[in-house]
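The values are calculated or read from the model by the stated rules, or taken from the named source; none is laboratory data. All of these numbers come straight from a predicted model, not from anything done at the bench. Positions of Cβ are generated from backbone atoms using ideal geometry, with glycine treated the same way; all protein chains shown enter the neighbour counts. Ligands, DNA and RNA are stripped out before the accessible areas are found, and what is left, the full protein with its side chains, is counted by its heavy atoms. Shrake-Rupley method; radii C 1.70, N 1.55, O 1.52, S 1.80 Å.
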Amino acid sequence: MDKAKQWGKINDDGTYTSNDPNLQVVVVCDHISLITGEKDKDSGTYLNKGQAMAKWSTHYCLKYITKRLNWAVWNVQQTTMTSEGSEKKKMNSLEPTAEDAANNKEILRDCSLILTLFSPYKNKITDYRGFDTKKLGNNFRNLGIIKNRYGLSGANIPLYFDG
């Protein structure tokens with residue numbers, strides 16, 4: 001709220017007007033699984049980790065930050081530890097999916113766009129979608145678009161990664 005007031009004005013109807021019409025604010029939560037349980041001020045009850053993540057995503061991100069302030073929110077959510085396990089290796093399905101989200105999968109419903117990053121090199125895959133990961137080494141990543149309310153879904157985009 002301090003930044004919102006510094007960069008603009010909260011109107012009487014609860015909407016926000018920026019001092020700079022060209023300003024685009026992106027709030028990054030890296031990573032959402034670090035949110036801890038807390039006491040809910042409204043109900044007086046204790047929210048566990050999953051409930052606190054849901055409140056952040058639905059109440060703060062959707063209802064306030066994006067709708068009222070018109071800012072973008074990028075929530076980084078890691079995958080479960082089992083997403084690279086032996087069962088997935090046997091099935092040759094190591095690429096991350098929505099089902100692999102850690103801690104609270106339900107918050108993915110709030111998302112307009114879900115992107116995944118995958119390292120074939122890390123998973124010892126030598127030929128990945130026609131790319132020779134022996135040559136590319138750890139500089140190759142696959143960007144997967146698994147949900148997109150604005151356009152293309154199910155796409156894979158090869159990336160050069162300079163970590």
Can you name every residue in region 112-135 that is open to solvent by 30 Å² or more (accessible area, probe 1.4 Å) and either β-branched (Val, Ile, Thr) or within 20 Å of Gln77 (Cα to Cα) (or both)?
Ser112, Leu113, Leu115, Leu117, Lys122, Ile125, Thr126
Residues satisfying the stated conditions in region 53-68, i.e. under 27 Å from Gln6 (Cβ atoms) and either touching a residue at least 24 places away in the same chain (Cβ under 8 Å) or surrounded by 15 or more Cβ atoms within 10 Å (Cβ to Cβ) (or both):
Lys55, Trp56, Ser57, Thr58, Cys61, Leu62, Tyr64, Ile65, Thr66, Arg68
When you scan region 136-163, how many residues do you find that are assigned to a helix (DSSP H, G or I) and exposed (fewer than 14 other Cβ atoms within 10 Å of the Cβ)?
2
Mind listing whichever residues of region 24-47 are touching a residue at least 24 places away in the same chain (Cβ under 8 Å) and among the small types (Gly, Ala, Ser)?
Ser33
